[in-house]
């Protein structure tokens with residue numbers, strides 16, 4: 001699997017992200033053809049090689065006529081939808097624009113549809129978003145990971161006034177994402193950069209195991225004490241594995257009706273939990289209790305904590321970061337002598353290590369054929385192993 005890891009030691013913005021992808025091998029001519037599909041009169045893009053504090057990097061620039069009006073969310077969505085851009089690019093662009101609109105609406109206490117995009121309504125930001133999303137597609141990047149974000153410090157001036165760094169909209173978008181402040185004063189993470197990386201990244205933390213094939217540096221417009229560049233590593237996951245960092249959220253409960261756990265678990269999965277499980281434990285005063293463990297992506301943490309505090313009797317939870325290795329897998333449908341069966345195939349280092357038929361399919365066949373479930377499982381298991389070994393498997 002081809003992945004990208006962004007090292008945000010000097011934050012992230014839309015133009016820095018596009019520049020980093022160009023520096024890592026994205027063809028400028030290909031990108032220009034995609035940007036031209038927006039049909040924006042007077043708009044042009046350029047990429048220039050510059051050196052930021054002894055680091056060779058690429059600066060992505062958008063030139064456009066002066067804008068005389070602000071845009072609303074629907075305007076931006078229609079601007080992208082009414083093009084021949086790839087469907088996945090249009091869909092993700094809509095998600096990025098919506099993230100910023102929702103954040104602005106919360107900060108200014110107004111309906112989303114009334115938000116005017118003073119900061120992202122400018123054409124250059126629309127182009128930055130489409131350029132970044134196009135870059136991922138053209139480079140064949142399937143998964144994105146990111147370091148904790150250096151947000152900067154101090155104050156920044158917008159059309160609304162002077163605000164602390166990170167700007168309120170940026171801070172809203174970055175809820176649940178690991179951030180820190182180090183280095184020079186100034187805004188390092190923009191709302192557009194925050195919306196792009198939170199929409200794209202599958203995890204935030206240390207770099208996952210990967211075989212690096214390209215490293216790119218996207219230059220920011222300002223200069224700070226640290227090199228103001230965004231670094232991206234592009235490569236392949238090693239040995240058919242997918243690596244990421246996850247949050248482990250745990251709490252011990254001994255005073256809740258055990259019937260409620262079914263509802264709590266359903267709610268946690270609905271809010272994005274990767275896995276939820278219960279463990280019997282012995283608590284103080286020799287009371288039997290339950291340890292509720294939730295595995296989750298960092299960006300889902302706040303929603304999951306809300307479920308735990310609202311739906312259980314806990315008054316505190318423990319959170320820790322752990323790394324996770326997941327085998328690559330795919331779903332297959334196989335026509336067996338007992339009927340069609342859905343199964344998951346997983347592999348390691350190019351070798352299939354597990355073939356697992358779906359339980360509901362096994363149960364269905366057992367009921368339809370009047371055969372004991374254990375015999376159906378054994379028979380289909382043998383058939384699937386032979387199927388995978390065959391040239392058509």
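Kindly identify the stretch 337-389 as rounded, prolate or oblate by the Cα gyration tensor criterion: order the square roots of the eigenvalues as a ≥ b ≥ c, call it rounded if a/c is under 1.5, otherwise compare a/b with b/c, prolate if a/b is larger, else oblate.
Prolate, since a/c reaches 1.5 and a/b exceeds b/c.
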(message) For the chain, give me the percentage of DSSP beta bridges that are antiparallel, rounded to the nearest 5 percent.
(response) 90 percent
(request) Would you work out the relative contact order for the chain, in percent, from Cα pairs under 8 angstrom that are 6 or more residues apart? (result) 18 percent
(message) So for each of 101-111, 209-219 I average, over its residues, the number of other beta carbons within 10 Å; can you give me the resulting order with the highest mean first?
(response) 209-219, 101-111
(request) May I ask for the angle, rounded to the nearest 10°, between helix 191-200 and the longest principal axis of the chain, with both axes built from Cα atoms and the value confined to 0 to 90°? (result) 30 degrees
(message) Could you order the peptides 136-148, 254-266, 49-61 from most to least packed, using the average number of other C-beta atoms within 10 Å per residue?
(response) 136-148, 49-61, 254-266
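Taking each pair of distinct Cα atoms in the chain once, what is the resulting Kirkwood hydrodynamic radius in Å?
It is 23.8 Å.
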(request) Report, to the nearest 10°, how far helix 14-23 tilts away from the longest principal axis of the Cα atoms in the chain, using its own Cα long axis and a range of 0 to 90°. (result) 80 degrees
(request) Assuming a ≥ b ≥ c are the square roots of the Cα gyration tensor eigenvalues, decide whether the stretch 91-210 counts as rounded (a/c under 1.5), prolate (otherwise, with a/b larger than b/c) or oblate. (result) oblate
(request) Could you rank the peptides 32-38, 341-347 by their average count of other C-beta atoms within 10 Å per residue, with the highest value first? (result) 341-347, 32-38
(request) Just grab the label-to-label distance for residue 213 and residue 108, each label 7 Å out from Cα along the Cβ direction, in nm (one decimal). (result) 4.4 nm
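Compute the Cα gyration tensor for the stretch 175-214, then decide on rounded, prolate or oblate, letting a ≥ b ≥ c be the square roots of its eigenvalues: rounded whenever a/c is under 1.5, prolate when a/b is larger than b/c in the other cases, and oblate in all that remain.
Prolate, since a/c reaches 1.5 and a/b exceeds b/c.
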(message) To make sure I understand, if each residue's beta carbon is the centre and we count other beta carbons within 10 Å, what order do 75, 23, 88, 7 fall in, fewest to most?
(response) 88, 75, 7, 23
(request) List 13, 184 from most exposed to least, where exposure is judged by having the fewest other Cβ atoms within 10 Å. (result) 184, 13
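Values quoted throughout were computed directly from the atomic coordinates according to the rules given, and no laboratory measurement underlies them. Treat the numbers as computed from the prediction; the structure is a model and nothing was measured. Quick reminder, even Gly has a Cβ in these numbers, built from the backbone with ideal geometry, and neighbours come from all protein chains shown.
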